[in-house]
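Student: I'd like to ask you about the structure that follows.
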2 protein chains.
Amino acid sequence: MNTSALRTLSYGLYIVSSRSGEKFNGQIANTIFQVTSDPLRIVASINKENLTHAYIEESGVFTVSVLAADAPMTLIGTFGFKSGRDIDKFSSVSYRTEGTGCPVILEHTLAFLDVTVTDTIDVGTHTLFVGEVTDADVLAEGDPMTYAYYHQVKGGKTPAKAATFLQEDAGRTERKEKDTAAQQRYVCNVCGYIYDPATGDPDEGVPAGTPFEELPETWVCPVCGASKEEFDKV
Amino acid sequence: MNTSALRTLSYGLYIVSSRSGEKFNGQIANTIFQVTSDPLRIVASINKENLTHAYIEESGVFTVSVLAADAPMTLIGTFGFKSGRDIDKFSSVSYRTEGTGCPVILEHTLAFLDVTVTDTIDVGTHTLFVGEVTDADVLAEGDPMTYAYYHQVKGGKTPAKAATFLQEDAGRTERKEKDTAAQQRYVCNVCGYIYDPATGDPDEGVPAGTPFEELPETWVCPVCGASKEEFDKV
């Protein structure tokens with residue numbers, strides 16, 4: 001079996017958010033689709049270990065924020081590579097609550113869906129939450145962020161708990177290369193992001209050709225926000 | 001509720017095929033995603049009225065053929081707008097059978113998945129088939145056909161039985177416009193495809209600017225293969 005075949009499936013990129021009472025949490029998810037149009041239902045696959053999973057199980061409601069292609073890696077890092085058990089993800093973004101009481105991200109978001117869970121299917125490491133869309137609206141015009149765009153253009157990684165994680169993803173960050181000092185790439189030990197001097201970090205004004213050593217000490221991983229000390233040579 | 005929000009969800013485009021004994025059938029589907037990586041499982045949403053649904057229920061197995069962006073509208077038309085109750089869809093394409101005995105399309109296909117159903121979830125008009133991927137391979141390099149590309153670049157329509165069909169889709173083909181004879185657009189009553197003289201049918205060598213009346217009598221709808229008689233003025 002060649003599991004690379006799974007990489008040809010296409011996805012968008014979303015933030016799924018839920019609540020526990022007045023506490024909010026959200027996470028990046030790519031595995032969401034519409035299942036029926038009458039009534040309007042969607043399904044989402046969520047890892048059982050994630051805090052958002054616990055909140056959805058408890059409250060029976062969630063929202064989907066559809067990310068725009070211009071969503072910065074810092075937003076994806078906050079919601080995709082950090083845990084709501086460690087930080088309040090919503091302290092750093094603007095949002096509003098919908099009818100279900102769940103929050104919708106208002107930055108780099110094209111549309112939202114407000115969802116009430118109608119079915120729960122245990123599929124092993126993940127749960128499929130089937131839900132009825134009780135409200136929805138378009139918030140901005142633009143192209144949606146696709147999973148392919150996130151990987152190819154943004155250089156993004158797949159978290160180990162994602163539904164679409166494959167073992168080869170782990171192997172990718174273990175590859176060793178002989179680089180000269182100026183070309184030396186560094187890997188983030190938190191999220192697997194690789195800083196490549198050939199690319200720099202244009203989102204943060206770091207031009208291509210900047211060696212890792214010359215990055216300012218205030219520079220942080222564009223995916224997960226880890227500091228420079230968290231990086232090792234590739 | 002603004003159901004246009006649902007249009008911001010991203011999908012690929014696939015042919016899901018199954019069998020009844022030695023008889024094969026397949027259909028276009030966009031609602032497929034990976035749900036877990038260990039074991040490797042996917043889910044597909046299939047309309048209960050479709051013949052492929054009956055075959056999957058009976059055999060408990062199916063394949064997914066991942067379409068390339070260069071897949072022609074005739075292939076999509078055959079598998080997306082015709083019924084296996086009327087024609088043998090596999091008589092016009094090259095294919096091979098996999099371990100489950102189900103066929104995989106060998107034209108304009110980037111990869112295939114061979115799947116054994118492990119769970120079946122009734123969600124109303126559709127069934128969610130959760131299945132374990134027992135075999136998979138990459139068949140060609142290239143970009144996958146996305147649902148957005150199908151709509152925007154190929155001018156494709158959404159069949160009424162698709163999981164992602166919305167009532168607005170029906171309204172789209174009902175729009176009336178005052179065109180001069182040379183600009184007059186014609187709609188296919190089978191699949192909703194609109195022939196626009198401004199675009200022509202480049203895939204079939206019909207240049208832009210060709211009025212509908214001047215199309216050869218052998219010309220057929222590029223989506224579903226219907227003849228000229230099935231077309232009405234828009």
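Student: Under the convention of a label 7 Å out along Cα→Cβ, give the distances in nm from B:E217 to the same position in every other copy, shortest first.
Tutor: Between copies, matching label points for B:E217 lie 8.6 nm apart.
Student: For the protein assembly as shown, count all C-alpha to C-alpha pairs, find those more than 34 Å apart, and express that count as a whole percent of the total. All intermediate terms of the calculation are to be shown ahead of the outcome.
Tutor: Working: 41735 of 109278 pairs.
So the pairs more than 34 Å apart make up 38 percent of the total in the protein assembly as shown.
Student: If exposed trypsin sites (Lys or Arg not before Pro) are those in a DSSP loop with at most 11 other Cβ within 10 Å, what is the longest stretch of chain A that has none?
Tutor: Longest gap between qualifying sites, sites excluded: A:86-174.
Student: Note down the relative contact order for chain B as a percent, whole number, built from C-alpha pairs under 8 angstrom at least six residues apart. Show your work: numbers first, answer last.
Tutor: Working: 472 pairs, mean separation 45.4, N = 234.
Computed over chain B, the figure is 19 percent.
Student: Then there is this: Output, in nm with one decimal and in ascending order, the distances from the B:M1 label point to the matching label points of the other copies (7 Å from Cα along Cα-to-Cβ).
Tutor: In ascending order, 3.6 nm.
Student: Label position 7 Å from Cα toward Cβ: report the copy-to-copy distances for B:D86 in nm, one decimal, ordered from shortest.
Tutor: Copy-to-copy label distances for B:D86: 5.7 nm.
Student: Express in whole angstrom the spacing between the alpha-carbon centres of segment B:197-225 and segment A:177-234.
Tutor: Their Cα centres are 53 Å away from one another.
Student: Okay, next question. Can you tell me the length gained on complete extension of the stretch A:S83 to A:E57, counting 0.36 nm per residue apart and subtracting the Cα distance? Before the final figure, lay out each step's value.
Tutor: Working: separation 26, 0.36 × 26 = 9.36 nm, distance 1.72 nm.
7.6 nm is the gain from fully extending A:S83 to A:E57.
Student: Probe of 1.4 angstrom, ligands and nucleic acids ignored: what's the accessible area per residue over chain B, in square angstrom? Can you show the working numbers first?
Tutor: On the way: 9870 Å² over 234 residues.
Per-residue accessible area for chain B comes out at 42 Å².
Student: As a test of the formula, what do you get for the protein assembly as shown when each DSSP H run with n ≥ 4 contributes -39,500 (n - 2.57) and the sum is divided by the residue count, at 222 nm and rounded to the nearest 500 deg cm²/dmol? Intermediate results must be reported in sequence, preceding the final value.
Tutor: On the way: 8 runs with 58 residues, N = 468.
Computed ellipticity for the protein assembly as shown at 222 nm equals -3000 deg cm²/dmol.
Student: If a/c stays under 1.5 just call it rounded; otherwise compare a/b with b/c (prolate if a/b is bigger, oblate if not). Do that for segment A:17-148, with a ≥ b ≥ c from the square roots of the Cα gyration tensor eigenvalues. Intermediate results must be reported in sequence, preceding the final value.
Tutor: Values: a/c = 1.36, a/b = 1.10, b/c = 1.23.
Cα axes put segment A:17-148 in the rounded bin.
Student: Roughly how much of A:L9 is accessible, in Å² to the nearest 10, using a 1.4 Å probe?
Tutor: Counting only protein heavy atoms, A:L9 exposes about 10 Å² to solvent.
Student: As a test question: what accessible area, to the nearest 10 Å², does B:T146 have when a 1.4 Å probe is rolled over all protein chains in place?
Tutor: Result for B:T146: roughly 40 Å² accessible.
Student: So, in Å, what gap is there between the alpha-carbon centers of segment B:1-48 and segment A:18-80?
Tutor: Here the answer is 20 Å between Cα centres.
Student: Sticking with this one: Please compute P(r) over all alpha-carbon pairs of chain A, binned at 5 Å starting from zero, and give each bin as a whole-number percent.
Tutor: Histogram of Cα-Cα distances, whole percents per bin: 1, 6, 14, 18, 19, 16, 12, 7, 5, 2, 1, 0.
Student: Go through B:K89/B:K228; B:K161/B:K233; A:K161/A:K228; A:K48/B:K157 and tell me which ones have a Cα-Cα distance over 27 Å in this structure. Could the numbers behind the result be given before it?
Tutor: Working: B:K89/B:K228 21 Å; B:K161/B:K233 24 Å; A:K161/A:K228 24 Å; A:K48/B:K157 37 Å.
A:K48/B:K157, as the Cα separations exceed 27 Å there.
Student: Moving on. Using a basic spin-label model with each label point 7 Å from the Cα along Cα→Cβ, how many nm lie between B:H151 and A:D70?
Tutor: Label-label distance for B:H151 and A:D70, simple model: 2.1 nm.
The values are calculated or read from the model by the stated rules, or taken from the named source; none is laboratory data. From a predicted model like this one, the values you see are computed outputs, not experimental measurements. Note that we place each Cβ from the backbone using ideal geometry, even for glycine, and neighbour counts take in every protein chain shown. Surface accessibility is based on the protein's heavy atoms, side chains included, excluding ligands, DNA and RNA. Shrake-Rupley method; radii C 1.70, N 1.55, O 1.52, S 1.80 Å.
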